[in-house]
Every structure is written in structure tokens, then in C-alpha cells.
Amino acid sequence: MAAAGGFDARFVDRLSDRHTCPVCLLALREPTITKCGHLFCNDCVRRLARRGRIECPVCREEQNESEIFPNNYDKREIMSLKIYCDQQEKGCGWKGELRERETHNETCGYVDVLCKNKCGEMVMKKDMESHIKKKCMNRKVECRYCKTTVTIKFLNDHHALCEMFPVVCKHCRQRVVRKEMNEHVSKIGTCPNSPLECEFREAGCQYIGNRNEMTIHVQNDVTSHLSLLMKLQSNTKSSLESSLSATKSLLSSTRACLAKKECELENLRCFVTEKIGMPVSQPEICVFEWNITNWAKLKMKSDVDSLIATLSEPFYTKPKGYLLRLMLYPAGHDVYKGSHVSVHVLVYAREYDYDVKLPKRQHCKFSFTLLDQQPDAMNVVARRENTLDVIPTNRMTILVREQEDVSIIPYTKLETINDFITHEQLNSRSYIRNNEIFIQFCLQLKLP
């Protein structure tokens, strides 16, 4: 669609009055001539016609729309006029006829376009390659410390986690590789100023000093340390004897209580069997406590790469039962990426599942409970339930990125709760404490 009005271009020679539209004051675009002999842009004169009657803006003579005609002679003259590039002020030195303007603009290196790497920056065409290599915030760079390839806008986040990044020891001010810092400040490390506890602390010595001071302390206080060790041995023996006595008493009481409960249960079972004419089967309950540590690091990595998940240890529902594993996406999964924490249940296909007879179909009920770690809080503060049908099938696989490694996990069934809890709710209570969270998974088998 042609632009409204005339040509707004930089002409090499001054534009003549004849080639200037009296309405828009620009070079005539698709010039038309009226019966009174005046020239106008076609779009400008047609806009006058839409108002009702047409009056020449120059001589005020009334016009009939059927008496307004294209003027191809002046059109050829105008399209042959020499112009400068629209990007002349940026440095383009092109000159050519007006008719060549659009063709030149398509190839002009001084025209601003969006970065090909989708960083959102406007860049001149001629500078695009240089921008992508040197300035684009979406370009890939190699970490100088661990040689991992990362997007440059996430480089600082990567450095905050990079195991090879040099950090300053707060005790001796030396630069040490992050993964070696714990060893550097440990008892067997090289930091001369890190505070060390006396090796006889468990015996009662409260002394704390740096490496050199500790050596002198141990050499000078041999007598007091021996005294502490003898006292500890005496207290330990007395404590063990007291603990053993209490344990025996508790064990005896527990056995008596269990015997009573077994009798009550058997009486109840007999009563129900007598009333309804069939034995009562007890539901099988599997409870798994999952402690997820280093939460901040997991969350940061998952924000950068939403495929990253953390996996629990494998566990069985009962001896010779189903093999399960839990999976958690800190930054959410599927449509809930960026807003929720997602939890999944993986039912594994074990190597011997095809040799052992399993039930054809097992209907189960499972729940995830996120525990509030505030001492005076209610334990069950975020709980979600769902059902699961375990149907042994041919092996399938799922792709998951756990930390930095991509794993292919065999399984028979995957159940999900992608909207387990929002990030806002997660931070609203003491679900995260000491950089860790606790999730309780409960599975009830043999549902009616």
C-alpha cells in the first residue's frame, strides 16, 4: 500500500514549484491534473473529493472528479530526479533516481533492523555480524574458568555457581577455586587464618584458634586434654548404662502395648467378619520422606534451563513391590513453567518385572505434602492428592536434565501434579529453611 501524500526524500537539486504538491508540500506522488491546470498528489486530491464537493486549493475553482486525470509526463520527470539515501546522515553516500529508492533501501547497509539473534536491539545491516559476535546479549560465550558455553546475559549467574570460579577466602584473603574452598579452610587445608576447633572439643575443650595457634595449644595443654578425656570416658559409661536401662524399660512397655493392640485388632476383625460375612483386608501404606538440599542453587539453574529437575532416591512400595522415584521441577513444568513447582511420580520397569507375576492392574492413591519447618507451625500446610493406576507395560523412557547431566530414565508410568504449589506460596511460609525443603510422599495401595 502506497504511503499517503508525496515523496519525503532528500533531493540532490532543489525541488521545483511545479513538482511540489500544494497540499502536502512534498514531491508529487502519482501526480494528477485538474481542469484548472494545477498538479496535486493523487492521494491528496482524492481526500478533498471525499469531503463532498472539490475546490482547487490553489485557485478555489470548483472541480468535477471526472475531470481530474493522471499526469504521466510529470510522473516520469519526478521519478527521474536525483536523491540522496534516506540514511545519508548515518554515512551512506548513495545517490540515484527516485524510482531506485526502494530497491536501494532493501540492500542499504545503514538501515536499522532487529538483531537476527533476537536480543531486541536495532542494528544497522552492515554492523549485524559484528554485533552478533561482540555486543549481542544472546550470543554464546565460553566461561574462562570451566570452559562451559553459556549465554552472555547469564554469565554473571553462571559465575555465581561455577565450581572453577576463584573466590576470596574471608580469612586469609587469598583467591581459591570455589570447589576447593571447603578443603582450603578445613583442618587439613592450607588457609593459615581459618578458625579451627580443638580436636579435643568433644571431650570439652572450647578453644578456637588459627592453624599456628592450634599447634601451640595442643602442645602446651596435653595434661588438661588427658583430664578431659578421662572425665568424658567416665560420663559416657554412666550415660550408656542409664540409656540401656531406659531402653529395656521402653521395649518392655512397647511389647505389652503391641500385644494389647493385636488382640483388639483381631477382635475387631472377627466382629466385622461375623457381621458382613467376609474378611477385612488392611490397606498397604508406603510413606517416603524426601529432603531436598541446596534449594537456591537448584532453583537458579532451573530458572536458566527449565528442563532441569531433581530426582529422589529410588524406593520400593514394599518388599518385592513396585519401584518408584520422585521428580521435582523447581521452576515448573509444561504450562506452569516460571510460576509453580511441579512434582511427578515415576513407576519404574525393573529388569525382573517380566519374570515376576505382578497384578494386572493396581489402583492406588498418592499425595505430596510440603512441610512447614517453623517449629510451632502445623505440619500439613501444602498437600495435593491424586490417583494412580499401575499397569505394567512395555518399557518407555523419559528425558530429564538433572543438574548438568541429561538422563534417560526407564519407566512404565508417569503421574504429574504440575501445579503443586506457586512460587509465591512457597516463599510465604517457612517451607524453605536452611536452604532445604521437606516433602512427604504417601502411597495407599489396594484401594476398594
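Only the coordinates and a few stated rules stand behind these numbers; no lab work does. This is a predicted model, so every value here is computed, not measured. Note that we place each Cβ from the backbone using ideal geometry, even for glycine, and neighbour counts take in every protein chain shown.
How do Asp221, Asp17 line up, fewest other C-beta atoms within 10 Å first? Provide the component values of the computation, followed by the final result.
Numbers: Asp221 16, Asp17 8.
Listing Asp221, Asp17 from fewest to most nearby Cβ atoms yields Asp17, Asp221.
Take the Cβ atoms of Asn72 and Ile152, set R0 to 51 Å, and the FRET efficiency comes out at 0.35. For the set Lys297/Lys318; Lys135/Lys170; Lys170/Lys231; Lys153/Lys301; Lys118/Lys297; Lys187/Lys301, the pairs lying more than 26 angstrom apart at their alpha carbons are Lys297/Lys318; Lys135/Lys170; Lys170/Lys231; Lys118/Lys297; Lys187/Lys301. Residue order for Cys442, Cys56, fewest other beta carbons within 10 angstrom first, comes to Cys442, Cys56. Taking amide H as placed 1.01 Å from N in the peptide plane, Trp94 has its amide H under 5 Å from the amide H of Cys85, each at least 5 places away in sequence or on another chain.
Can you sort Val150, Val58, Val12 from fewest to most other Cβ atoms within 10 Å of each residue's own Cβ? It would help to have the intermediate numbers written out before the result.
Working: Val150 17, Val58 14, Val12 10.
By the 10 Å Cβ count, ascending: Val12, Val58, Val150.
For the pair Arg175/Ser367, report the inter-label distance in nm, with labels modelled 7 Å from Cα in the Cβ direction. Roughly 5.4 nm, to one decimal. Taking a sphere under 14 Å around the Cβ of Val58 and counting the other residues whose Cβ falls inside, with K and R at +1 and D and E at -1, yields a net charge of -1. In this calculation the C-beta distance from Ser16 to Glu89 is compared with R0 = 25 Å, giving a FRET efficiency of 0.55.
First measure r as the distance between the Cβ atoms of Thr103 and Arg139, then evaluate 1/(1 + (r/R0)^6) with R0 = 35 Å and state the FRET efficiency to the nearest 0.05. Don't skip to the end; give the middle numbers.
Working: r = 32 Å, r/R0 = 0.91.
Efficiency, rounded to the nearest 0.05: 0.65.
Segment Asn182..Asn220, full-extension length gain: 10.9 nm, with 0.36 nm per residue of separation and the alpha-carbon distance subtracted. Spin-label model, Gln233 to Met122: label points 7 Å out along the Cα-to-beta-carbon direction sit 8.5 nm apart. Summary of packing: across the peptides 328-336, 155-163, 416-424, the per-residue average of other C-beta atoms within 10 Å ranks them, highest first, as 328-336, 416-424, 155-163.
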